[in-house]
Amino acid sequence: MITPSQCRAARGALALNVKQLSELSAGHAAAPLHRATISKFEASTDRHPAGAASTSATLKATLEAAGAVFRDGGVFVSAEGHAGIAERLAEVQGG
């Protein structure tokens, strides 16, 4: 699981907006996470994250697939992950 601040940091480092993260999450859950669900999770505190544990797990899997690495309470983004994000978004968006 990840914290809301880790989610915000990873999304920012990958230059993803909430809509794009929602679209990418489709490959890691039965249905894509709704933008409002992501926003609510990110707006919550690390001590009391909003949403189910499955929301955090889906966000973590989605961000890791996009190139984020969660380690020691921090988040890192590989150069390969950052470079490949446009390609993955195009696949998800059917383009």
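No value in this document is a laboratory result; all are computed from the given coordinates. Computed from a prediction, not measured in an experiment: that's the story for all the values here. Note that each Cβ is placed from the backbone with ideal geometry, even for glycine, and that neighbours are counted across all protein chains shown.
Please list, in chain and number order, the residues 5+ apart from VAL69 or on another chain whose amide H is under 5 Å from its amide H, with Hs placed from the backbone.
Under 5 Å from the amide H of VAL69 lie the amide H atoms of PHE76, VAL77, SER78, each far enough along the sequence or on another chain.
Quick one: which of 47-56, 15-24 comes out on top by average Cβ neighbours within 10 Å, and what's the full order, highest first?
Per-residue mean Cβ counts within 10 Å order the peptides as 15-24, 47-56.
Output ³J(HN,Hα) for segment 49-58: one whole-Hz value per residue in order, computed from phi by the Karplus curve 6.51 cos²θ - 1.76 cosθ + 1.60 with θ = phi - 60°, and x for Gly and Pro.
Values per residue, Gly and Pro as x: x, 7, x, 6, 4, 5, 5, 4, 5, 5 Hz.
Spelling out what I want: for every residue of segment 70-78, take phi, set θ = phi - 60°, compute 6.51 cos²θ - 1.76 cosθ + 1.60 (Karplus), and round to whole Hz; glycine and proline get x.
Residue by residue, segment 70-78 yields 9, 8, 6, x, x, 9, 10, 10, 6 Hz.
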